[in-house]
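Here is the structure we will look at.
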Amino acid sequence: QVQLVESGGGLVQAGGSPRLSCAASGSISRIYTMGWYRQAPGKQRELVATITSGGSTNYADSLNGRSTISRDNAKNTVYLQMNSLKPEDTAVYYCNSAIYTDGGPAVVTYWGQGTQVTVSS
């Protein structure tokens, strides 16, 4: 059993810089790529950024260079530092992780429950 728990969301003023965290726990053997996605009301879920176990990052255009993804492998945690947020960044932010569990037999992608980020103007 694996769980991903996000934190750090909430109400943010325009221009704010919240930091989201997502901690994975459970019967984890190895975590591969971790990522952040977001889903605004009435829109499809979209990629924000991903980071491999070796630290290579990939960013989508969704936050236009206003975010930094990082991870702490010792803590099984991925972070998303967001800067200069705008009202249109309001969304539920989800983390996901590709995880090989102790029992195997394959790598499975797990999702967190999401954390709401609301940006007020």
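All other residues with a Cβ under 12 Å from the Cβ of Gly114 taken together, and with Lys, Arg as +1 and Asp, Glu as -1, what is their net charge? Present the calculation step by step, with values, prior to reporting the outcome.
Details: positive: Arg38, Arg45; negative: Glu6.
Net charge around Gly114: +1.
Convex hull over the Cα atoms of the chain, averaged projected area in nm²? Intermediate results must be reported in sequence, preceding the final value.
Working: hull surface 28.1 nm².
That works out to 7.0 nm², a quarter of the Cα hull's surface.
Contact order for the chain, expressed relative to its length and based on alpha carbon pairs under 8 Å spaced 6+ residues apart, stands at 36 percent.
In terms of the Cα gyration tensor, with a ≥ b ≥ c the square roots of its eigenvalues, is the stretch 46-99 rounded because a/c is under 1.5, prolate because a/b exceeds b/c, or oblate? Write out the running numbers ahead of the final one.
Numbers: a/c = 2.00, a/b = 1.85, b/c = 1.08.
Here the stretch 46-99 falls in the prolate category.
Assign one of three labels to the stretch 77-121, namely rounded, prolate or oblate, based on the Cα gyration tensor with a ≥ b ≥ c the square roots of its eigenvalues; rounded applies when a/c is under 1.5, prolate when it is not and a/b is larger than b/c, and oblate otherwise. Verdict is prolate for the stretch 77-121.
In Å², and per residue, what accessible area does the chain have when probed at 1.4 Å with the other protein chains present?
Working: 6210 Å² over 121 residues.
Result: 51 Å² of accessible area for each residue.
Within the stretch 4-59, the ratio Rg/Rh, alpha carbon atoms throughout and Rh by Kirkwood, equals 1.01.
The values are calculated or read from the model by the stated rules, or taken from the named source; none is laboratory data. This is a predicted model, so every value here is computed, not measured. When we count neighbours, we look across all protein chains shown, and the Cβ atoms used for this are built from the backbone with ideal geometry, even at glycine. Ligands, DNA and RNA are stripped out before the accessible areas are found, and what is left, the full protein with its side chains, is counted by its heavy atoms. Shrake-Rupley method; radii C 1.70, N 1.55, O 1.52, S 1.80 Å.
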